[in-house]
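The block underneath contains the structure these notes are about, expressed in structure tokens.
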Amino acid sequence: MYKSLRIHILLSLIVGFCLACATGQDTGAPCPTIEMSVMVDTVSRIPLVTTGDITGATASQAEGQWVLNFKVTDSAAKRVHDVTEQNVGRNMALVVNGKVHGTPRIASALSGDGYRIDGLTRADAEGMATAISSGCRR
């Protein structure tokens, strides 16, 4: 009984998130799926940060490539700090729409609420920033 209740709650949350993305966005661009996860042997199934934790995003050029700059909630920033502090030397996966966009090594605990994903095309970086800024993260 508890297992089916948990599955029902999980499905309800997923449907609610999808509906929020579909109704909160007036740009026509698809709502991106963005995740940050720690890697031990594989990418963790439970991400530290998801699109729902993002409070704002912009696209810009850095070192000749397009990047997505994004800010997260205070609680997500604390999770990132705490987990990276415990996992120095391991890698972190930056996943966008199911594709790994980098696996930087954790050199020290990450602090602050701003992060970036490198190596995107201009269209992808600007499209994701616009979609997030238009409310699809809610």
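The values are calculated or read from the model by the stated rules, or taken from the named source; none is laboratory data. Here the structure is a predicted model, which is why all the values come from computation and not from measurement. We place every Cβ from the backbone using ideal geometry, glycine too, and count neighbours over all the protein chains shown.
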Can you pull out every residue in the range 98-112 that is over 13 Å from Val80 (Cβ atoms) and in contact (Cβ under 8 Å) with a residue 60 or more places away in the chain? Gly98, Thr103
Is the range 67-87 home to any residue that is closer than 17 Å to Thr33 by Cβ and free of Cβ contacts under 8 Å to residues at least 12 places away in the same chain? no
State all residues of the range 92-121 that are surrounded by fewer than 16 Cβ atoms within 10 Å (Cβ to Cβ) and assigned to a strand (DSSP E or B); if no residue qualifies, say none. Lys99, Val100, Arg105, Gly114, Asp118, Gly119
All but one of (1) farther than 26 Å from Arg45 by Cβ; (2) exposed (fewer than 13 other Cβ atoms within 10 Å of the Cβ) hold for Ser133, so report the exception by its number. (2)
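Please verify whether the range 102-115 includes one or more residues that are at pLDDT below 85 and either more than 14 Å from the chain's Cα centre (by Cα) or under 15 Å from Met36 (Cβ atoms) (or both).
yes
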Answer yes or no: is there a residue in the range 104-119 that is more than 25 Å from Arg45 (Cβ to Cβ) and in contact with a Phe, Trp or Tyr (Cβ under 9 Å, 6 or more places away or on another chain). yes
When the range 61-80 is examined, which residues are found to be small (Gly, Ala, Ser) and loosely packed, with under 14 Cβ neighbours inside 10 Å? Ala62, Gly64, Ser75
